[in-house]
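Reviewing the structure listed below.
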Amino acid sequence: MDKTALVIIDVQQEYFAGGRLPLPQGPEAVKQIVRALGWARDRRRPIFHVVHESRKANATIFAPGSPGLAIHPDVTPAPGEPIIQKHLPGAFTATSLGDELQKRGVEQLVIAGFMTQMCVDTTTRQAAHLGYKVTVLSDATAAMDVKDPDGRVIPAEAVHRTHLGSLSGFLADIKRTDQLP
């Protein structure tokens with residue numbers, strides 16, 4: 001995996017205590033993201049921190065200038081680790097991520113972050129469509145409860161597992177952080 005980069009998506013305060021979208025498994029996932037960061041830094045792999053900021057008028061989540069935009073302190077980027085700002089779920093949409101990966105000759109991505117059912121899913125699909133080999137770290141990602149079209153709540157764990165299941169195989173390898181080589 002010598003041409004592998006770690007992409008950390010939206011590990012921002014909005015998803016933790018005090019934020020507007022606290023994720024039930026967010027704190028546990030952050031511990032695994034810290035492990036993935038250690039793995040990538042020890043091997044001198046490129047690391048990209050992707051952050052979300054809303055462009056919606058009167059946004060209540062990921063609002064410009066809000067404390068929720070801050071990166072979780074446990075995964076603070078080190079010098080030289082690019083921060084890529086996005087405004088939509090896909091980390092490749094209208095961002096410099098693709099160019100940055102290409103400049104570094106990256107062929108494989110390891111993806112961690114939030115939320116499994118939204119930005120992780122979208123970015124993984126984009127990456128696979130662009131020809132990258134993708135690994136999603138199941139224990140370094142997390143989801144939230146969602147409502148189905150009839151208004152019934154689908155628990156976060158079911159959402160998480162379902163989205164990982166739909167990515168598994170054709171689009172991505174799904175691994176735990178302790179399975180990184």
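In units of the rule-of-thumb radius 2.2 N^0.38 Å, the stretch 79-131 shows an alpha carbon radius of gyration of 1.09.
Ordering of 54-62, 13-21, 140-148 by packing is 140-148, 13-21, 54-62, highest average first (other Cβ atoms within 10 Å, averaged per residue). Hydrodynamic analysis of the stretch 4-179 uses the Kirkwood radius over alpha carbon pairs. Inserted into Stokes-Einstein at 4 °C and 1.567 mPa s, it gives a translational diffusion coefficient of 80 µm²/s.
Can you list the aspartates and glutamates whose alpha carbon is less than 14 Å from that of K3, not counting same-chain residues fewer than 8 positions off? Straight-line reach from K3, under 14 Å: E100, E107. Can you tell which of V75, L164, P22 lies farthest toward the positive end of the dipole of the chain, using +1 and -1 charges on the Cβ of basic and acidic side chains (Lys, Arg; Asp, Glu)? Most positive-ward Cα: V75. Please compare each pair in K56/K103; K31/K86; K56/K175 to a cut-off of 26 Å on the Cα-Cα distance and tell me which ones are over it. Over 26 Å apart, Cα to Cα: K56/K103; K56/K175. Simple rule: put +1 on each Lys or Arg Cβ and -1 on each Asp or Glu Cβ in the stretch 79-169, find the dipole, and look at A94, I84, A140; the Cα lying farthest toward the positive end is A94.
Where a number appears in this text, it was derived from the coordinates with a stated rule and is not lab data. Computed from a prediction, not measured in an experiment: that's the story for all the values here. Glycine also receives a Cβ, built like all others from the backbone with ideal geometry; neighbour counts cover every protein chain displayed.
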